[in-house]
Structures are given as C-alpha cells and as structure tokens.
Amino acid sequence: MRIHSFPPVIDDRARVLVLGTAPSVKSLEHKQFYGHPRNYFWGVVYGLFGAGAPNDHYGSRLAFLQEHRLAVFDVIESCEREGSLDVNIRDERPNDLPALLAQYPGLRCFAFNGSKAFSTFRKFYRNHPAFEQLTLVQLPSTSPIPTQKMRNLEDRIEAWSVLLPFLQQED
C-alpha cells in the first residue's frame, strides 16, 4: 500500500526539525504525527522540558512543540509499506527537504528519529550543499519496541537531551 507523509508542523521559530521516516498505521488512522499511543515521542518532548505528562489534545501538543522551537516532518514523502515497520519500506520518495530549509532558514539542526530516518536522508541527500551548515543528529527511535540501550522513556529523554542547546540558544 502506498502511504504519504503529513505536511510539516513548522513555523519561523523552529530551530530543530525532528524527522521520522513515514507515518505508522495508527498515525495515519488518527491523522497525527506519532499517533500511536505507545510511541514515546510525546513523552520525550514533554520530558525534555520537565513538563510532565503530555497533553492528550493533539492541537495542544503541536502548540507545545512550536513554543519550544521544535518542528516535525518525515524524510519520506511517500512509500510502499505493509504495516508500520520501517524494515518494510519500499520504493520511497523523499520530501523536498532542501526547499523546506530554504523556506525556514532559522533551522539549525535536523534530528532523525531512528536509524532508518537517518539512512534514508543520507541516501537521497548525502553531500547536498543545502545542509552544509546544519547539524545532523541521529537519535534513538521513539518506537515502543525496546532495544538493548533504550529500555524506557527515561533512557530516551536522556539521549534526546542533546537537542536542548539548539532549542535554548539565542538568535
């Protein structure tokens, strides 16, 4: 089945763009970034700022992102995929990230949510001049599947805290 990404959630305040691969089945059903209730993404974002449990209202979550200079999007514009696992992604086509960066020159960092997002970005944009001044950070996935190093929410918050300097720096 061919799936498509959502439009980016971004504004001129954004300094870090978090890039996933493509929306999960649950995200597509809910029409929300990180829409699976077990995904750690929203807990990580709120945890980075000591804000407690994420708000249940999606619009409030997006406002929280933007207030904290974060944006979200996917590396993949469309792909063939059965289920939600990145390993099943085929025939991917990238989003036009150089154009997005040109439109939002305040971005300082692309943060990749998991290894597949990063490897897909490199596949399409390795050595692209648009990204020369940008910091690229590969982060552990917020997928609910535990790994040897990322067992829980706290592990992920600690790993993702490398983004804080980009979000707190003055312009």
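What follows draws every value from the coordinates through simple rules; no lab data is involved. This structure is a prediction, so every number in the text was calculated from the model and none was measured. Counting neighbours? That spans all protein chains shown, and the Cβs are built from the backbone with ideal geometry, glycine included.
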Restricting attention to the range 1-84, which GluC sites (Glu not before Pro) occupy a DSSP loop and are surrounded by at most 16 other Cβ atoms within 10 Å?
-> Glu82
On the formula 1/(1 + (r/R0)^6), with r taken between the Cβ atoms of His30 and Ala102 and R0 of 22 Å, the FRET efficiency rounded to 0.05 is 0.10
Counting only DSSP beta bridges fully inside the chain, the antiparallel percentage to nearest 5 is 35 percent
Between the modelled labels at Gln66 and Leu167 (7 Å from Cα along Cα→Cβ) the distance in nm is 1.7 nm
Return the calculated 222 nm mean residue ellipticity for the chain, to the nearest 500 deg cm²/dmol, obtained by summing -39500 (n - 2.57) across DSSP H runs with n ≥ 4 and dividing by the residue count.
-> -8500 deg cm²/dmol
With a point put 7 Å past each Cα toward its Cβ, work out how far Ser115 is from Val137 in nm, to one decimal.
-> 2.0 nm
The FRET efficiency for Tyr58 and Arg90, from their Cβ-Cβ distance with R0 = 30 Å and rounded to 0.05, is 0.55
Two-site label geometry, Glu158 and Met1: point separation in nm, points 7 Å out along Cα→Cβ | 3.8 nm
So what is log10(I(q)/I(0)) for the chain at q = 0.12 1/Å, when the Debye sum runs over its Cα atoms only?
-> -0.50
